[in-house]
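Participant: First the structure, which I've put down as structure tokens, then a few questions once you've had a look.
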Amino acid sequence: MCAVASSMQRINSELSGTTATVAIHDHERKVITIAHVADSGAVAGRLKPGSTTDVTAEALTKDHKPNVKDERARIEQSGGKVVFDGFANYRIYAKNARYPGLNMSRCIGDILGHRDCGIIAEPDVVDIPVTDDLRWLLLCSDGVWEFISPQEAVELIAGCEPKRAMGGAQKLAKEAWDRWIKQEGGAIVDDITVVMVALNVPN
């Protein structure tokens, strides 16, 4: 669809794209299906056995990074190359070219990267049973996970009342912002998006 929209000049997705993480809650089956590409991760917050307040984190997704063995092999077989940027990330380039420079191996959009470098939009999909201990679902962009671990995140929001999930999301976003400012000296803050859902809420 991105290619069609780009060819009709509705958008320009040749060198722009997005991560994506989607969660579908099947209430009858009591299952949440997570599908994702790139590095916006999903985390479950679960009550520890025998506790009504202590939580533990379960990472539900793995980032699609170009230095991961299978991802790198696909990229190189498709004509791309993986280069360390000398700072913090491995990036993808077309051979003998300086585009797209992405630090993720899957995404939606970035048509030139798909065409010339082996980037794909195929998601990883996983089903998560909604068991009684499942309390929170977090879907967050990489700006949250850069300096906050999944366990820190669920502990930060654990005391929020289920009906005040927005406050918990704002609290987590602010903590991510503050850590970016501290770690980077105010020079840069990456995108910070938090979706927070309460589960198994008592009536």
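Just so you know, all these numbers are worked out from the coordinates, no wet-lab data involved. Remember, predicted model here, so these are calculated numbers, not experimental data. Because the Cβ atoms are built from the backbone with ideal geometry, glycine has one as well, and the counts that use them run over all protein chains shown.
Participant: What residue among Asp116, Asp63, Asp132 has the largest mean-square fluctuation in a Gaussian network model of the chain, using Cα springs under 10 Å?
Facilitator: The residue that fluctuates most here is Asp132.
Participant: Can you pull out the GluC sites (Glu not before Pro) in segment 18-96 whose DSSP state is coil and whose Cβ has at most 11 other Cβ atoms within 10 Å? The partial results should precede the final answer.
Facilitator: Working: sites: Glu28, Glu58, Glu71, Glu76; in loops: Glu28.
Here the sparse-neighbourhood loop sites are Glu28.
Participant: Quick check on the chain: of the DSSP beta bridges with both residues there, what percent are antiparallel, nearest 5%?
Facilitator: Numbers: 38 of 39 bridges.
Expressed as a percentage, antiparallel bridges in the chain total about 95.
Participant: Moving to a separate point now. Give me the percent relative contact order of segment 1-155, please, defined on Cα pairs under 8 angstrom at least 6 residues apart. Intermediate results must be reported in sequence, preceding the final value.
Facilitator: Details: 321 pairs, mean separation 47.0, N = 155.
Rounded, it is 30 percent for segment 1-155.
Participant: Now for a separate question. Roughly how many nanometres apart are two label points built 7 Å out from the Cα toward the Cβ at Asn89 and Val197?
Facilitator: 2.7
Participant: Determine the gain in length on full extension of the stretch Ala187-Thr52; use 0.36 nm per residue of separation and subtract their C-alpha separation, reporting nm with one decimal.
Facilitator: On the way: separation 135, 0.36 × 135 = 48.60 nm, distance 4.06 nm.
Taking Ala187 through Thr52 to full extension adds about 44.5 nm, to one decimal.
Participant: Using a Gaussian network for the chain with springs between C-alpha atoms less than 10 Å apart, which of these wobbles most: Thr21, Thr193, Thr53?
Facilitator: With Cα springs under 10 Å in the chain, the top fluctuation among Thr21, Thr193, Thr53 is at Thr53.
Participant: Just Gly118, Gly101, Gly86 to compare: in a GNM of the chain, with alpha carbon springs under 10 Å, which one fluctuates most?
Facilitator: Gly86
Participant: Consider the candidate values (1) 108; (2) 153; (3) 168; state which one is volume of the Cα convex hull per residue in Å³ computed from the structure displayed.
Facilitator: (2)
Participant: While we're here: Please go through segment 70-145 and write out the trypsin sites (Lys or Arg not before Pro) that DSSP classes as loop and that have at most 15 other C-beta atoms within 10 Å. Could you put the intermediate results ahead of the total?
Facilitator: Numbers: sites: Arg72, Arg74, Lys81, Arg91, Lys95, Arg98, Arg106, Arg115, Arg135; in loops: Lys95, Arg98.
Sites meeting the loop and neighbour criteria: Lys95, Arg98.
Participant: Now, a different point. Please report the relative contact order for segment 69-117, taking Cα pairs under 8 Å with a sequence separation of at least 6, and give it as a percent rounded to a whole number. Don't skip to the end; give the middle numbers.
Facilitator: Numbers: 65 pairs, mean separation 16.3, N = 49.
Contact order relative to length: 33 percent.
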